[in-house]
Amino acid sequence: MTQFTKPNSSEILKEYLANHGIKSKYLAKKMGITPTNLSYYLNGHGKFTVDFAFAVSSALEISPEIFLDKSYKKLVTNKKKVAK
């Protein structure tokens, strides 16, 4: 199965949180998950899926593109062209 998120998505998220002074506990609360569950993803133990990327980006009110691989962007672009 194709992975549509970047392999280093967990690191990207950790860096984003650190650079913006956002605590993981705050993000976990916004996402409706436990801090332990979020920590599981931040430490690379959980699979950083497209759904998780969208959940994180929704909670942080940012674009999910920072977590998405080019293959996902290409897939979405191609689907939009076919839909027209």
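In region 52-62, how many residues are closer than 12 Å to Leu13 by Cβ and in a helix (DSSP H, G or I)?
Going through region 52-62 one residue at a time, the tally reaches 7.
Please give the helices (runs of 4 or more DSSP H) falling wholly within region 1-51 in which 2 or more residues are in contact (Cβ under 8 Å) with a residue 60 or more places away in the chain and surrounded by 15 or more Cβ atoms within 10 Å (Cβ to Cβ). Show your work before the answer.
Details: elements: 9-19, 24-31, 35-42.
Counting at least 2 such residues, we get no helices (runs of 4 or more DSSP H) at all.
Kindly indicate the residue of region 66-84 that is surrounded by 12 or more Cβ atoms within 10 Å (Cβ to Cβ) and of a type in the set (D, E, K, R) and also modelled with the highest pLDDT among those meeting that condition.
If we take residues in region 66-84 being surrounded by 12 or more Cβ atoms within 10 Å (Cβ to Cβ) and of a type in the set (D, E, K, R), then Asp69 is modelled with the highest pLDDT.
The values are calculated or read from the model by the stated rules, or taken from the named source; none is laboratory data. None of these values were measured; they are calculated from a predicted model. We place every Cβ from the backbone using ideal geometry, glycine too, and count neighbours over all the protein chains shown.
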